[in-house]
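Everything below concerns the one structure shown next.
Values quoted throughout were computed directly from the atomic coordinates according to the rules given, and no laboratory measurement underlies them. It should be emphasised that the depicted structure is a prediction, and the values quoted were computed from it without experimental measurement. Glycine gets a Cβ as well: all are built from the backbone with ideal geometry, and neighbour counts include every protein chain shown.
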């Protein structure tokens, strides 16, 4: 059977409350530029807001001015979205706790071994993760290449989870696979 091969995430759409609530959170707090708005072509009662999460892809929000913020945790049952995660730089990650605290927004931090995470909730209870890898993939490799190699090393060593040692060793192994000029032809 032939696969339908995807080539990346196109967009995520969430159900929001009002336009202002969505703009306040996604643009006002998380800095995602509000790109445009149009009617939800699948539901004439809703608007469809488009935000740029920073990589040129889209996060979209269905809104309706008759709705109110849910103000409760989002459902967490089979078929539900647990959370959505966004990449932030290391310097931004270090500033996030103070910036959230200044706004009175509750959050918690987690060390995930290969990345650090901060979790918060939007006004409708959706959990949003701000994530920062502990490594930078070498030129010519993707983050997934480093993580795949680190996971292989973790498994071979019988370790519980990917740790920084696995990342460093994975990067070293990946670098050994690069095409290199023979030392006899190196320019002095």
Discussion item. Let's test the formula: R0 of 41 Å, r as the Cβ-Cβ distance of residue 179 and residue 52. What FRET efficiency results, to the nearest 0.05?
Written reply: 0.70
Fill in: Beta bridges per DSSP with both ends in the range 49-188, % antiparallel, nearest 5
75 percent
Worksheet item: Against the longest alpha carbon principal axis of the chain, how many degrees, from 0 to 90 and to the nearest 10, is the axis of helix 90-102 turned?
Response: 30 degrees
Worksheet entry | Helix 164-176 vs. the chain, principal-axis angle (Cα, 0 to 90°, nearest 10) | 60 degrees
Practice prompt. Return one number: the angle in degrees, 0 to 90 and rounded to the nearest 10, between the long axis of the Cα atoms of helix 143-157 and the longest principal axis of the Cα atoms of the chain.
Written response: 60 degrees
Worksheet entry | Label point distance in nm, residue 143-residue 172, each placed 7 Å from Cα along Cα→Cβ | 2.4 nm
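Gain in length, residue 37 to residue 5, computed as 0.36 nm per residue apart minus the alpha-carbon separation, to one decimal in nm? Write out the running numbers ahead of the final one.
Working: separation 32, 0.36 × 32 = 11.52 nm, distance 2.99 nm.
Taking 0.36 nm per residue and subtracting the Cα distance, the gain is 8.5 nm.
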Worksheet entry | Inter-label distance for residue 131 and residue 15, nm, one decimal - labels placed 7 Å from Cα along Cα-to-Cβ | 2.5 nm
Practice prompt. Determine which residues of the range 127-145 fall in the zone a paramagnetic label at residue 165 would reach in this model, i.e. backbone nitrogen under 19 Å from the point 7 Å along Cα→Cβ.
Written response: 134-135
Item to complete: Work out how far the C-alpha atoms of the chain reach from end to end along every principal axis, then list the three figures in whole Å, largest first.
Response: 72, 41, 40
Worksheet item: In percent, how large is the relative contact order of the chain, given Cα pairs closer than 8 Å and 6 or more residues apart?
Response: 15 percent
